[in-house]
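The values are calculated or read from the model by the stated rules, or taken from the named source; none is laboratory data. Being a predicted model, the structure only gives us computed values, none of them experimental. As a convention, Cβ positions derive from the backbone with ideal geometry for all residues, glycine included, and neighbour counts pool all protein chains shown.
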């Protein structure tokens, strides 16, 4: 742990990659609609971490500058909007079908 | 502080930081824990007086000083019960979430000029954000208990706190807008001088906003008349019905910790922070000196701040034992139909006042400082220290840039905006 | 000397990174949806710590405020509203697990090799300790960026087609705010309870 310094962009990318992959697996395997939604949040957060890393002056002398932070803020706001809509859909689904299992949502299958 | 240990005690840098961090943590945990101890005793005395009783009188002398300590010993000795239907992990974890959040917010709360654990450029925002996290503690506790009373309390709490964050945020924006910063140290220093310099008296709208802030803060820390999450007469004890022993007392430490936190925030944002009504230390010239006198001035400021925070807490107690509890629909009506519009109106009014440069109390003649001269001075100071340290290590003259920070070349920006260049 | 090479920044990075990844993985392997939400809170909170470490104070506080304090409260609300005992833990079939883990593992391998491939990303900024507090104050600049003025780029017209300092985000900011308003109104409309009308109709 002592020899690792200084922390670089690559380290942040590793954390971002782990979050992204875990989120993607979560989206693929969870049967609860809200579990899928949590996977989406993790994926967005992983992407956010990369934006922050590339925009940070502490990690890279030639950083992206403020654009990284600004885009991360947009991502956070859009994630909030997305969660609100997805939750409304999930609750509607629960009201109409009395289940939250996404595998049961197969009425549109041809 | 780390610099002090590094230079004076000649500790190596990492160790110096470690020692400084431990000292900060210990100080803050004393504020939270000992503060809770004192406030619980105070609440009993205040409620006793309001209800025409004496309150605790026996333990530790005539005023019952040690009543809370005796209660604490009782709570430690009590059995820690977990209900059969409880979700074991969340049931155990929930009290600590609330306590950790309440404690964590103190990191950014300055107690006097420069006496803050971590200088943050976004201190106000950070404190609000961490206070927002505290809501998870009752929600998780209520869910994990596996009891209907707890779940009702948790749902009420979630709805209430999330709604009240909106007017609370709007009220907090007003002082930040007037001072032009989110840094609490700077906001506090801009109110130095006579009490007319306090932001609550800046213009009529800020006073209204200060009152609305205090209402919303009371609601967001779940104090009566907004304590629907507990509501003894309806829900037994709300979200902590199933808790016992020391785990239960963590909820109370978190509650009293965040009570002092929102009162302290109110003191800094609206009521001058560590500046007394009459600037004694400035008249004496202690705040501009250095060494022991400066330390004494800051200590006086710290006492000032603690007094103001305590007054806020006592007002909350006074309100609690005076007003009856609201119903849940009345709580929501208060938030959405009264607090939000009034806060928005106050925000627009304060903005109007600023934009038209109407006279504020800051313009009054007398002892006082121009609000904008105090802006961000700590940044320049910190960078000068950094530069001088760098110069001490390497004999070559350092070229660390020290520039005006708050005024980000406003002339050029203004010219750009005026020519319609902004897209 | 061991102590001289010691670096709190790296230590805290390791701490927050382990928390973030650990709780994310715990969330993946947890069947109980309420536990998943709890792990997600901790994971996102720890990643806010990573934001603070990277010098993005405003974004970190925003993450705590909007993401953890807003979005996740909403999510937990949803979980509690739908948490009947049969939906709390839903097992995934083992075939799906194997498939997902194999695909995810290969994707992770790809991303990790990519992360260390570019030399410029691999070494941190050696002068990171020299960045002054004044330079790390970005809140005003972010705010001005949202109003369309890039005060951090006044002296660096890297693109000759742009007016210096004029690559702000005013239009995206307005679009996002209107979008958020529309979405929230729409979500409230969709999630409102319609059961009363249908149930009385059915009862009649």
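Surrounded by fewer than 24 Cβ atoms within 10 Å (Cβ to Cβ) and touching a residue at least 40 places away in the same chain (Cβ under 8 Å): is that true of residue B:147 in this structure?
Values: surrounded by fewer than 24 Cβ atoms within 10 Å (Cβ to Cβ): yes; touching a residue at least 40 places away in the same chain (Cβ under 8 Å): yes.
The answer is yes for residue B:147.
A residue that is in contact (Cβ under 8 Å) with a residue 60 or more places away in the chain and either under 23 Å from residue A:69 (Cβ atoms) or facing chain B (nearest Cβ under 8 Å) (or both) cannot be found anywhere in the range C:59-71. Being buried (at least 17 other Cβ atoms within 10 Å of the Cβ), at pLDDT below 85 and at the interface with another protein chain (Cβ under 7 Å from one of its Cβ atoms) is a description that does not apply to residue C:83. Please pick out the residue among A:108, A:19, A:91 that is closer than 25 Å to residue C:57 by Cβ and out of contact with any strand residue (DSSP E or B) (no Cβ under 6 Å at 6 or more places or on another chain). The unique qualifying residue is A:19.
When you scan the range B:244-264, do you find a residue that is modelled with pLDDT under 80, part of a loop (DSSP other than H, G, I, E, B), crowded, with 24+ Cβ neighbours inside 10 Å and assigned by TED's automatic domain parsing to the domain that holds residue B:130, even just one? Within the range B:244-264, not a single residue is modelled with pLDDT under 80, part of a loop (DSSP other than H, G, I, E, B), crowded, with 24+ Cβ neighbours inside 10 Å and assigned by TED's automatic domain parsing to the domain that holds residue B:130.
To keep it simple, each residue is scored yes or no on (1) over 23 Å from residue B:259 (Cβ atoms); (2) surrounded by fewer than 24 Cβ atoms within 10 Å (Cβ to Cβ); (3) at pLDDT below 90; (4) within 12 Å of another protein chain (Cβ to nearest Cβ).
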| position | (1), (2), (3), (4) |
| --- | --- |
| B:165 | no, yes, yes, yes |
| B:177 | yes, yes, yes, yes |
| B:183 | yes, no, yes, yes |
| B:190 | yes, no, yes, no |
| B:194 | yes, yes, yes, no |
| B:204 | yes, yes, yes, no |
| B:209 | no, no, no, no |
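Out of (1) touching a residue at least 12 places away in the same chain (Cβ under 8 Å); (2) in a helix (DSSP H, G or I), what's the single condition that is false for residue A:59? Condition not satisfied by residue A:59: (2).
Tell me which residues, restricted to the range A:67-88, are more than 7 Å from chain C (Cβ to nearest Cβ) and over 15 Å from residue C:71 (Cβ atoms). A:67, A:68, A:71, listed by residue number.
Out of B:196, B:181, I need the residue that is assigned to a helix (DSSP H, G or I) and either more than 30 Å from residue B:326 (Cβ to Cβ) or not assigned by TED's automatic domain parsing to the domain that holds residue B:255 (or both). Which one? Outline the logic, then answer.
Details: B:181 fails: assigned to a helix (DSSP H, G or I).
Unique residue meeting the criteria: B:196.
In the range A:26-46, is there at least one residue being under 17 Å from residue C:58 (Cα atoms), within 7 Å of chain C (Cβ to nearest Cβ) and in contact with a helix residue (DSSP H, G or I) (Cβ under 9 Å, 6 or more places away or on another chain)?
yes
Does residue C:108 count as without any contact (Cβ under 8 Å) to a residue 60 or more places away in the chain and within 14 Å of the chain's Cα centre (by Cα)? Considered against the rule, which asks whether it is without any contact (Cβ under 8 Å) to a residue 60 or more places away in the chain and within 14 Å of the chain's Cα centre (by Cα), residue C:108 comes out as no.
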